[in-house]
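Since every read-out is calculated from the coordinates, none of them should be taken as a lab result. Because the structure is a prediction, the values reported are computed rather than measured. For neighbour counting, all protein chains shown are included, and Cβ atoms are generated from backbone atoms with ideal geometry for every residue, glycine included.
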Amino acid sequence: MSTIWMNQLSWVDYEARMQRDPPAVLLPVGALEQHGPHLPLGTDGLLSAAVAADAAARIGALVAPTLSYGYKSQPKCGGGQHFCGTTSVDAATLIGSVRDAVREFARHGATRLVIVNGHYENQWFLTEGIDLGLRDLGPSAKLQVMRLEYWDFLTESTLASVFPDGFPGYALEHAAVIETSLMLHYHPSLVRVDLIPDEPPADFPPYDVYPTRKHWVPLSGVLSSARGSTVEKGAAMAAELSVRIAAAITHEFG
């Protein structure tokens with residue numbers, strides 16, 4: 001059976017692929033988090049899986065089922081925990097999930113694991129999970145792990161084209177032009193263009209306060225305007241991401 005999706009293979013077919021010539025396994029990681037009134041709660045996981053699938057198709061890799069719950073939404077990059085529907089996990093939970101995944105894929109015979117992150121707040125906890133998983137396996141393990149945030153593969157020239165009036169930065173791009181355009185490309189039926197808010201970028205102070213100040217965050221949950229989003233921008237970014245991520249995996253792992 002020819003598929004890039006691990007969960008569409010029988011265990012027999014999966015084992016055969018692992019024994020014959022172990023493919024790289026891409027593990028998307030997202031979050032269940034508000035993305036304004038116009039995008040679904042599962043945007044981070046949907047996009048990380050779609051980007052992973054495009055890259056995997058280029059290099060003959062497999063895509064594992066997405067880890068769909070992410071670390072707690074932060075006001076300055078995700079709007080915060082006070083939005084209905086945002087469903088987050090503690091750091092220890094995410095670390096443990098990644099740690100277990102690293103061990104399990106090594107047990108299957110995988111030698112190359114790529115964690116494709118789609119949720120800004122996940123980054124350091126994914127790193128800790130990888131580190132602990134490899135520590136569990138010991139120095140003789142054959143598994144190598146790459147962790148990446150897909151947005152880091154967008155070039156300056158592409159960002160200049162997507163943001164002719166200036167790029168606000170990735171943290172403020174929550175539910176804005178990048179994610180909305182990519183969703184228009186990958187999952188257009190899930191985007192409510194008519195509900196896109198048109199608000200100025202959020203203006204956060206250079207510090208945090210706990211409990212968090214809900215009034216710092218726009219009521220919509222969108223941290224900068226998504227009005228410039230188009231399917232054409234999404235297609236251009238998706239093409240660049242697939243090419244550059246596939247090249248990075250090939251460069252590191254062969």
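Odds and ends about this structure:
- Among His187, His215, His35, the residue with the largest mean-square fluctuation in a Gaussian network model of the chain, with springs joining Cα atoms closer than 10 Å, is His215.
- Cα-based shape type of segment 24-135, given that a ≥ b ≥ c are square roots of the gyration tensor eigenvalues and the cut on a/c is 1.5: oblate
- Once the chain from Lys214 to Phe253 is taken as fully extended at 0.36 nm per residue, the excess over their C-alpha distance is 9.6 nm.
- For the chain, the antiparallel share of DSSP beta bridges with both residues in that region comes to about 10%.
- Principal-axis tilt of helix 231-253 within the chain, Cα atoms, nearest 10 degrees: 30
- Taking a Cβ cut-off of under 15 Å around Arg213, the surrounding Lys, Arg, Asp and Glu residues balance to a net charge of 0, with basic ones at +1 and acidic ones at -1.
- Two-decimal Rg/Rh across segment 6-248, once Rg and the Kirkwood Rh are taken from alpha-carbon atoms: 0.99
- Within the chain, helix-based [θ] at 222 nm, where runs of 4 or more DSSP H residues each add -39,500 (n - 2.57), nearest 500: -13000 deg cm²/dmol
- Gyration tensor over the Cα atoms of segment 154-246: the corresponding equivalent ellipsoid has semi-axes (square roots of 5 times the eigenvalues, largest first) of 25, 16, 12 Å.
- All lysines inside 17 Å of Lys72 as judged from Cα atoms, apart from same-chain residues fewer than 8 positions distant: Lys214
- Note: relative contact order over the chain, using C-alpha pairs below 8 Å and six or more positions apart, is 24 percent.
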